[in-house]
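The values are calculated or read from the model by the stated rules, or taken from the named source; none is laboratory data. Just so it is clear, the model here is predicted, and its values are computed rather than measured. Virtual Cβ from ideal backbone geometry, glycine too; neighbours counted across all protein chains shown. All accessible areas refer to the heavy atoms of the entire protein, side chains included, with ligands and DNA or RNA removed. Shrake-Rupley method; radii C 1.70, N 1.55, O 1.52, S 1.80 Å.
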Amino acid sequence: MAKAKKAAPKSVKKSAKAAARKAAPAKAAAKKAVKPAKAAKAAKKPAKAKIPSITLSVLKPSVNNMTVRVFARAAKLPFEEADVYGSTRSPEFLGKNPAHLTPMIEEKGLPRGALWESCAIMQYLSNKHGLEKFYPSNPAKRAMIDSAMFYLIGTLYPYVARATYPMLGFAQYAGEVGAHDFDAEVKSAAQKAAIAALAEPLDVFHTFYMAGQPFIGGKNPSIADIRLASTLEFLNVIDYRLPAWATDYIAAMEKKLGSAYAEPAADVRGYISYVRSKAA
């Protein structure tokens, strides 16, 4: 029969417990020291860049295109930009966009793979990404933004086009005086009439859509503000004297949106400077 092991003396047990107590803080400190090291390793890992899911095709001198260029930057959306100057009538482009219009986005999930019209693009992307500050979901607030954009493209922009396209060298719409072989006097009269008509819709934007607020969107720019400010850029080509509120408004837009506005605006302004230098 095996002999039972003798129990360790009480003094030995007490010494072992005391040693364990002394060692415990050291172990805890060692564990804590490991955590910052792990955190440091994690901090060193570079953030993964967003893979562009949107291709934006543009013509840089255009304010219609500037609108979406500003919006995509201001919203910090992952996109890649393609300058399609000279290729909008190519079979490849027409296969995607039979209207041969820009701006155009291409993205998976769109019913036909592509979408054009600046306001429709901003509405779609705002809805998809929940961009409340640019396009609020509140029905009343959204209705005002929609109304401002529709009023712009239906009333203000046709006047802007008739007033500025002759100077910009852009093709005018079929049926317009400027698109036909009328003499210079008739075309000049039509252009002057369009310029004179600009004052009323501009005043509507100021008194009704803004109504004492800095932007149509209230304290912050909405997609309607991006569309309006971009549109007003074209009036520089004819030296149109904007009312003081409109000049301040454009400056406020650029200040609020920073490089998101300034970079695309620089392309439009550069083209206008070029056109004016050729005419001088």
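Can you give me the relative contact order of region 128-203 as a percent, contacts being Cα pairs under 8 Å and 6 or more apart?
Computed over region 128-203, the figure is 29 percent.
Ratio of region 159-280's C-alpha Rg to 2.2 N^0.38 Å, to two decimals?
Taking N as the residue count of region 159-280, the ratio is 1.14.
Take every Cα pair under 8 Å in region 41-163 that's 6+ residues apart, average their separations, divide by the length, and report that relative contact order as a whole percent.
Contact order relative to length: 21 percent.
Count charges around GLN213 for me, please; just the other residues with Cβ under 11 Å from its Cβ, Lys/Arg as +1, Asp/Glu as -1.
Result for the local shell: 0.
Stokes-Einstein at 20 °C, 1.002 mPa s, Kirkwood radius from Cα pairs: D for region 138-223 in µm² s⁻¹?
In µm²/s, the coefficient is 148.
Could you compute the FRET efficiency for GLU185 and TYR85, with r as their C-beta to C-beta distance and R0 at 35 Å, rounded to 0.05?
So, using R0 = 35 Å, E works out to roughly 0.60.
Find how many whole Å separate the alpha carbon centroid of region 57-125 from the alpha carbon centroid of region 171-221.
24
Please give, to one decimal in nm, the separation of the simple spin-label points placed at THR247 and GLU200, each 7 Å out from Cα toward the Cβ.
Output for this residue pair reads 2.6 nm.
Can you spot the aspartates and glutamates whose alpha carbon is less than 15 Å from LYS108's alpha carbon? Ignore those fewer than 8 places along the same chain.
GLU80
How much length is gained on full extension from HIS129 to GLU92, taking 0.36 nm per residue of separation minus their Cα-Cα distance?
Length gained, HIS129 through GLU92: 10.4 nm.
When only Cα pairs under 8 Å and 6 or more residues apart are kept, what is the percent relative contact order across region 142-280?
Relative contact order for region 142-280 comes out at 27 percent.
How would ARG227, ARG276, ARG89 rank on accessible area, largest to smallest, probe 1.4 Å?
I get ARG89, ARG276, ARG227, largest accessible area first.
With the full set of protein chains in place, find how many percent of the accessible area of region 69-211 is carbon and sulfur; take the probe as 1.4 Å.
Within region 69-211, the accessible surface is 57 percent carbon and sulfur.
Grab the other residues whose beta carbon is less than 14 angstrom from that of LYS141, score K and R as +1, D and E as -1, and report the net.
0
With every protein chain left in place and a probe of 1.4 Å, what is the accessible surface of TYR274, to the nearest 10 Å²?
Accessible area, nearest 10 Å²: 120 Å².
Local charge sum around ASN97 (other residues, Cβ-Cβ under 14 Å, Lys/Arg +1, Asp/Glu -1)?
-1
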